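S.K.: Can you keep this structure in mind? I'll have questions shortly.
Rule-based calculations on the coordinates, nothing more; no lab input. Because the structure is a prediction, the values reported are computed rather than measured. FYI the Cβ positions are ideal-geometry reconstructions off the backbone, even for glycines, and counts take in every protein chain you see.
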Amino acid sequence: MSIYYEDSRDIYIIVPLRDAKSYPSRPNVDLLLPTRRFAGECYFWIYTNAKHPIIEFWNERLLPRKVADKDGRRWLFMGKKALKLDLASPPIIRFYGLKDPAGDICLITSNKDFIPHGGFADVERQILGYNRESLGMSQIIPNVAIVGRPVKFRLIFTAGLAGIKRGGRIRLTIPRIFSKPQIKDPDGDGYLEIVKADAQLEILSIEVSRDSWEWIDVTAEFKEDLIPGGKVIICYKAGRTQIVPFRYEGTDRSYWFSKMPPMAISVMPSVRGYFAHLAQEHSHTLTFKADMPDRLHLIIPSHARTGERIVLHGIFTDKFRNLSDDHPKHANVRLKLIGRGLEEDLGGPRNFYGRYAFKMLLDPLPKGVYRIKAESPSGRFVSLSNPIKVEDSSPNLYWGDIHAHSEMSDGIGSPEYFYWHARNIACLDFAALTDHACYFTDNEWLWMQDLANMHNKPGKFVSLIGFEWSGREGDRNFYTWRDELPLLRGTNPRADSLRKVWRIIEGMEKEIIVIPHHSLLNVKWESHNPSFERLIEIYSMWGSSESADMQLWRMPKHGISVMQILSEGSKLGFTAGSDNHDGRAGFSGEGAYYTSIYVPLGFRSGLTAIYASDLSRREIFNSLRRRRCYATTGERIIISFQINDLCMGSEGVWDGSARIKGEVHGTSRISRLELIRNGETIWSMQPNRMDVAFSWEDHQSPDELVYYYLRVEQADGNLAWTSPIWLTR
């Protein structure tokens, strides 16, 4: 795909329909249209051998009006339409009646006098005056880097046959998660310099790209002609890069979330031209690889019954929790079972599945709370598992992450990898891939639902179907226990407000849950619907929205805190997730300022714990709806919390006092327990141990409605929040 647009000039959007998406039972193909900020009348063309093609754009259909070329595949004029395009909201465009979409092309332009001829390369040459293949080529050294390590990049650009005229420009694009490029301090982080240029070249600007808030564009102008074959060498010192393994190899910047290699080059060969990205085969690639294995993570179920065998998972990662291509070295690890004052040697890791993970089946245990400890003479790979509580009864405790993204919208990683990673590496019991509804097509949604259904394995792993809706009232995730879910886009006028959304899904209250997230950022609460909105995500990689003065928050606060929402009388349980954009639910990167591929995400992924009778879609969904859940900052802390024998998420009647009791079993020492009543801490304790039981009674009669929840803080800084319990006088 290509999009050409400069201020005060015409816009051209060229889309080869080989990129369009299909589904076997559907009569159309569809795609996400590349966009820029633009408003005006546009003209639609299609290059096809179909006799009666139809273009559908926001439910309006365009039919052929005029034939330009009449040879085989020919250009058909499909009409004009006033467009208002926005960078954050690329529209869906659909095509019907095509015989062979793989060779077809769609063109949208504001130039009413432009008549296209020939194929994709021919039309680009009409617009640009040259082929992109003639712009030049780029090379980057190194082209393989280790995540999290400082890198000094050396970019070599060689001008192509077109050369670059005086007044022409080149533009380098650098992700904002990298060190901010600067040209003033040679010893400072982010220093960027032109170390060689065969024609005088001057850096004009370093600023956030107008094409994406996630990129920094460095623009430089030639003060004299750069001849074909002329070279430019630019060095960039990046003390901060990224901690997520990924191979960058695309060159186009069709969307704000396009994944270009750092220091990707676009060229404007003359002062009155357009910026065009290099042909993909002429552009550099850049691969970030995981570091050597440095950590061992031990994961066991949080609950088991006497007589039940227990599965221990062990995962070796680098220090950022990435899977490494290398075997763990010097991993002379001994595993020990600890609990009830006992310590039992379990031997070394065995039963590996891959280079980095193993699974061991342990014998049944008597009642009690246990953990697994890893030790090694070198001091490396020392680890402690989450606790497991063995008892004869009580509901099962399951762990999951129901808020994550993949390459199907603005993230990376395939959906197939998402489900594999969630089940086999993050060791989750349930998960949901909630890609942004505005960044995938209807045909893709059908396929995504099929994939979620295929990976749903009752009793072993639950995959809920979900998506993220974004609109004027903030961001909400939609979920169902069924095999399909109506798709709603906040960019579609039909569903661009919650008032419209509630009307569309009215009557489906027992089939759909809607969960707002990062409420401090942008959530508006005027259109709250308690029939669907039974929960709120209190923590993710954005941080915590519990209160406006939380330290676990870095972003602007244009929304409303969870405490404010509760104070208005809303009854919401708590979940936590990742909002991960790396296709890795429940086990994100950690240990760096930015823990994902995007700027806002700077914390580790959270987890949701659910008490449920069995591991099935229906039961996980119903337990969420009943608010039988709690949230953590990623640690599998066991919490039970009751008031007057009501479990978390329940509603009851004040009978003279609130008799509070509970247990907490941590993954580190419990440094503080706080009981929150109507937004204020009314009781606390500092156990300074890993296992604690507590009880307390509140005699202060409420005026009308009172809610309580427990906040848990560990010595390692991790937190947990139980869903509230409400009592009415």
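S.K.: Given 0.36 nm per residue, what is the gain on full extension from GLU308 to GLU249 after removing their alpha carbon distance, in nm?
M.R.: 16.4 nm
S.K.: With +1 on the Cβ of every Lys and Arg and -1 on the Cβ of every Asp and Glu, and nothing else charged, how large is the dipole of the chain about its Cα centre, in debye rounded to the nearest 20?
M.R.: In total the dipole reaches around 920 debye.
S.K.: Additional query: Under 22 Å Cα to Cα from LYS112, which lysines show up? Leave out anything in the same chain fewer than 8 places away.
M.R.: Hits, sequence-local ones excluded: LYS66, LYS70, LYS80, LYS81, LYS84.
S.K.: Would segment 295-392 count as rounded, prolate or oblate if I go by the C-alpha gyration tensor, calling it rounded below 1.5 in a/c and otherwise prolate when a/b exceeds b/c, oblate otherwise?
M.R.: Here segment 295-392 falls in the prolate category.
S.K.: Among SER605, GLY119, PHE153, whose Cα sits farthest toward the positive end of the charge dipole of the chain (+1 at Cβ of Lys/Arg, -1 at Cβ of Asp/Glu, about the Cα centre)?
M.R.: Selected residue: GLY119.
S.K.: Full-extension gain between LYS661 and ASP198, please, as 0.36 nm times their residue separation minus the C-alpha to C-alpha distance.
M.R.: Taking 0.36 nm per residue and subtracting the Cα distance, the gain is 159.1 nm.
S.K.: For the pair ARG272 and MET555, what calculated FRET efficiency results from E = 1/(1 + (r/R0)^6), where r is the Cβ-Cβ distance and R0 = 41 Å, to the nearest 0.05?
M.R.: 0.55
S.K.: What is the distance, in nm, between label points placed 7 Å from the Cα along the Cα-to-Cβ direction at ARG503 and at TRP420?
M.R.: Rounded to a tenth, the inter-label distance reads 4.5 nm.
S.K.: If you don't mind, there's one more thing I want to ask. Among ALA162, PRO261, TYR96, flag the residue with its Cα farthest along the positive direction of the charge dipole of the chain, charges on Cβ as +1 for Lys/Arg and -1 for Asp/Glu.
M.R.: It is ALA162, whose Cα lies furthest towards the positive end.
S.K.: Related question: Rounded to the nearest 20 Debye, what is the dipole magnitude of segment 327-381 about its Cα centre when Lys and Arg each give +1 and Asp and Glu each give -1 at the C-beta?
M.R.: Magnitude of the dipole: close to 220 debye.
S.K.: Counting other beta carbons within 10 Å of each Cβ, put LYS259, LYS180 in order, fewest first.
M.R.: Least to most surrounded, the residues fall as LYS180, LYS259.
S.K.: Another question about this same structure. Which lysines have a Cα lying under 20 Å from the Cα of LYS524, excluding residues fewer than 8 positions away in the same chain?
M.R.: By straight Cα distance, LYS524 reaches LYS500, LYS557, LYS571.
S.K.: Rounded to two decimals, what ratio of Rg to Rh does the chain give with C-alpha atoms and a Kirkwood Rh?
M.R.: 1.01
S.K.: Under a point-charge model restricted to the Cβ atoms of Lys and Arg (+1) and Asp and Glu (-1), what is the dipole moment magnitude of segment 252-329 relative to its Cα centre, in debye to the nearest 20?
M.R.: Dipole size: approximately 240 debye.
S.K.: Please list 3J(HN,Hα) in residue order for segment 270-281, calculated via the Karplus relation 6.51 cos²θ - 1.76 cosθ + 1.60 where θ = phi - 60°; whole Hz, with x for glycine and proline.
M.R.: These are the phi-based 3J(HN,Hα) values: 9, 5, 10, x, 10, 5, 10, 6, 5, 4, 4, 6 Hz.
S.K.: Starting with the fewest neighbours, write out PHE587, PHE257 ranked by other beta-carbon atoms found within 10 Å of each beta-carbon. If you can, show how the numbers build up before the last one.
M.R.: Working: PHE587 27, PHE257 22.
Least crowded to most crowded, the residues run PHE257, PHE587.
S.K.: Whole Å is fine, so just give me how far the alpha carbon centre of segment 89-141 lies from that of segment 595-664.
M.R.: 51 Å
S.K.: Which entries of LYS336/LYS359; LYS196/LYS259; LYS184/LYS319; LYS336/LYS457; LYS165/LYS237 show an alpha-carbon separation above 25 angstrom in the structure shown?
M.R.: LYS196/LYS259; LYS184/LYS319; LYS336/LYS457; LYS165/LYS237
S.K.: Quickly work out the ALA548-to-PHE114 label distance, labels modelled 7 Å from Cα along the C-beta direction, and quote it in nm with one decimal.
M.R.: The two pseudo-label positions are separated by 4.8 nm.
S.K.: Projected onto the charge dipole of segment 637-729 (+1 at Lys/Arg Cβ, -1 at Asp/Glu Cβ, origin at the Cα centre), which of GLY717, VAL653, LEU727 gives the Cα projection farthest towards the positive end?
M.R.: Going by the Cα projections, it comes out as GLY717.
S.K.: Fewest first, what order do SER89, SER283 take by the number of other Cβ atoms within 10 Å?
M.R.: SER89, SER283
S.K.: When only alpha-carbon atoms are used, what values of Rg and Dmax, in angstrom, describe segment 637-729?
M.R.: Answer for segment 637-729, Rg first and Dmax second: 12.9, 39 Å.
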